[in-house]
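The values are calculated or read from the model by the stated rules, or taken from the named source; none is laboratory data. Everything numeric here is computed off the predicted structure, so don't read it as measured data. All Cβ positions, glycine included, derive from the backbone under ideal geometry; neighbour counts span all protein chains shown.
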Amino acid sequence: MSESNAPRVSVAVPLYNEEATLPELLRRVRAVLDALPGGPHELVLVDDGSTDETRTMMEEAARGDGRVVSVALSRNFGHQPALTAALDHVGGDVVVLMDADLQDPPEEILRFLEAYHRGYDVVYAKRERRKEPLWLRFCYWAYYRLLARMARPALPLDAGDFSLLSRRVADEIRRAPERQRYLRGLRAWAGFRQLGLPVERAGRHAGESKYSFGRLVELGLDGIFSFSVVPIRAAAVVGAGAAGLAVLFALYAVWAKVVQHRSPQGFTALLVVGTFLAGVLLFFLGVIGEYVGRIYQEVKARPVYVVDRVVRGERGEES
Ligand code: UDP
Ligand code: MG
């Protein structure tokens, strides 16, 4: 690869209370950037409202190193909004989205770039051998398979955010106006040639996961409700089924009355059927509510994040 056709690489990383991993992250990403031809490459760090020393450390790194850009958000907006902010601040020909905790090994960027040079616009990591607890691994496994069946366009299995995007894919994703950003979904939606590479997902370098279980479930629901109408269609299917059964039962009741001169009996059966149907109705009311709530979020059209301060290395300039 000659210097002239080497793309400028931007590595984009969201951080939330990652003071314990930041020095090691800087070291490993810098080593990778040093090994790349061409340039200038950059590392865009987004502080998602950390309450520890993350932001101070980031800004210090940006002042001391022309390749590091520090973007501090005004509060904690969440992982996907922070990644969105990172995408809005990168300047390279290719963007690598990565977690700060080194579960995504920065060294894989070299393999991603190889695939990029073979003509792929998107290269994403397919997670292999996760290090999470068994029950969580099972949840991930089941979730990704459920999502794969429901989502349109089809989303690849076991693919997280760790990926390389060409400039044009990054631009298309940025053009999508939705507020509930499920980036791995938007990435698949963008199209072009995409390739999944198996990457072993490491354990967290330090600290605890910044995703509570509730947040994880929210992210999961975002994937389903942003990329599928199957839940809302299911209401129609279940409703049609229930109506069909009711008609059959009515026919039977008439037949029993006219031919056999007896009426079907059973208070308990009545109660069970009644409460069951009420449950189904409320459940689908909840599903519809989920879509309505999301429409409400989109209609309000609030910005996805708010930037407090950007510190760029070269000029040490702040805005
Ligand atoms: N993160 C963030 N904002 C949040 C939560 C997490 O920017 O509100 C970052 C976090 O610092 C990390 C990445 O998102 O770089 C993934 O988070 P984490 O490793 O805690 O999630 P997990 O890998 O356990 O799913
Ligand atoms: Mg992690």
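Couple of notes before you dig in:
- Candidate set: segment 32-57, residues that are in contact with a helix residue (DSSP H, G or I) (Cβ under 8 Å, 6 or more places away or on another chain) and among the aliphatic types (A, V, I, L, M); chosen: the one nearest to ligand 1 (Cβ to nearest atom): Val46
For (1) at pLDDT below 85; (2) under 25 Å from Ala148 (Cα atoms), each residue gets a yes or a no:
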{"residue": "Arg201", "(1), (2)": "yes, yes"}
{"residue": "Glu208", "(1), (2)": "yes, no"}
{"residue": "Arg215", "(1), (2)": "yes, yes"}
{"residue": "Ala236", "(1), (2)": "no, yes"}
{"residue": "Ala242", "(1), (2)": "no, no"}
{"residue": "Val247", "(1), (2)": "no, no"}
{"residue": "Val258", "(1), (2)": "no, no"}
{"residue": "Ala269", "(1), (2)": "yes, no"}
{"residue": "Gly279", "(1), (2)": "no, no"}
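- Restricting segment 3-28 to residues that are under 20 Å from Leu165 (Cβ atoms) and among the small types (Gly, Ala, Ser), the residue that is nearest to ligand 1 (Cβ to nearest atom): Ala12
- Ile109, sole failed condition from (1) more than 16 Å from ligand 2 (Cβ to nearest atom); (2) outside any loop (DSSP other than H, G, I, E, B); (3) farther than 20 Å from Arg27 by Cβ; (4) in contact with a strand residue (DSSP E or B) (Cβ under 7 Å, 6 or more places away or on another chain): (3)
- Subset tally (residues that are surrounded by fewer than 16 Cβ atoms within 10 Å (Cβ to Cβ), in a helix (DSSP H, G or I) and either polar (S, T, N, Q) or touching a residue at least 24 places away in the same chain (Cβ under 8 Å) (or both)) for segment 112-138: 1
- Taking first residues from segment 78-89 that are more than 18 Å from Gln297 (Cα to Cα) and touching a residue at least 60 places away in the same chain (Cβ under 8 Å) and partners that are more than 9 Å from ligand 1 (Cβ to nearest atom) and basic (Lys, Arg), the Cβ contacts under 7 Å between residues at least 6 apart in sequence or on separate chains come to Leu87/Arg174; Asp88/Arg174.
- Here the condition is being closer than 23 Å to Gly39 by Cα and more than 16 Å from ligand 2 (Cβ to nearest atom); of Leu83, Leu73, Leu87, it holds for Leu87 alone.
- Single unsatisfied condition, Leu15 versus (1) surrounded by 24 or more Cβ atoms within 10 Å (Cβ to Cβ); (2) at pLDDT below 95: (2)
- Qualifying residue in segment 162-173 (condition: within 16 Å of ligand 2 (Cβ to nearest atom) and in a helix (DSSP H, G or I)): no
- Residue within segment 195-207 that is under 12 Å from the mean Cα position of the chain (by Cα) and away from ligand 1 (no atom under 12 Å from the Cβ) present: no
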